[in-house]
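Working notes, structure below.
The values are calculated or read from the model by the stated rules, or taken from the named source; none is laboratory data. Quick caveat: nothing in here was measured; it's all calculated off a predicted structure. Here the Cβ is made from the backbone with ideal geometry for all residues, glycine too, and neighbour counts use every protein chain on show.
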Amino acid sequence: MMLTKRQFEVLEFLAEKICEDGVCPSIEEIMAYRGTKSKGNVHWFLERLRDRGFITWKFGTARSIRILKLPPPLAEKYQVEPVASDLFIAATNLLLELETTSLTRYPHRETLQKYVSELRDVLKPRMVA
């Protein structure tokens, strides 16, 4: 699916920031990059990228954007490990949910924490400039 020039620029900005900082940019950082004062404008771009299968995120969680794939020009510049997007989205959302949930009430929390750690290692964005 083709991206507009601005969608491509936002996706490239996400990839650059993840490579530089190790975390995705905040909405405010994307607003500053785009030169807009509207969070709605940024959300619109992010929703289009999500609808086209390029990114995902956990609603209501800061800095939870994950890149699922990059178009060829960006894929050559930033290496992203290919993943099965539906499985990746489900696993990423599960990981984010588990990380924000208190595991103290679970009787086998040590085992669950071990699996969460392993899942985190597999799913963390592996972006190399």
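Please go through segment 14-27 and give me each residue that is buried (at least 17 other Cβ atoms within 10 Å of the Cβ), over 13 Å from residue 73 (Cα atoms) and of a type outside the set (Lys, Arg), ordered by number.
Filtering segment 14-27 down to residues buried (at least 17 other Cβ atoms within 10 Å of the Cβ) leaves 14-18, 24-25.
Checking which are over 13 Å from residue 73 (Cα atoms) leaves us with 14, 16-18, 24-25.
Passing the criteria: 14, 16, 18, 24, 25.
Tell me, please, whether a residue that is part of a helix (DSSP H, G or I), at pLDDT 80 or above and buried (at least 16 other Cβ atoms within 10 Å of the Cβ) can be found in segment 87-101.
Looking for residues that are part of a helix (DSSP H, G or I), at pLDDT 80 or above and buried (at least 16 other Cβ atoms within 10 Å of the Cβ), one finds none in segment 87-101, hence no.
Considering only residues that are part of a loop (DSSP other than H, G, I, E, B) and at pLDDT 85 or above, look in segment 54-84 and name the one that is farthest from residue 5 (Cα to Cα). Step through it out loud before you land on a result.
To start, the set of residues in segment 54-84 that are part of a loop (DSSP other than H, G, I, E, B) comprises 54, 57-65, 68-71, 78, 80-84.
Of the ones still in play, those that are also at pLDDT 85 or above are 54, 65, 70-71.
Details: 54: 15, 65: 20, 70: 14, 71: 12 Å.
Per the stated criteria, the residue is 65.
Residues to consider are 35, 40, 53; find the one that is in contact (Cβ under 8 Å) with a residue 40 or more places away in the chain, out of contact with any Asp or Glu (no Cβ under 8 Å at 6 or more places or on another chain) and surrounded by fewer than 16 Cβ atoms within 10 Å (Cβ to Cβ).
On inspection, the qualifying residue turns out to be 53.
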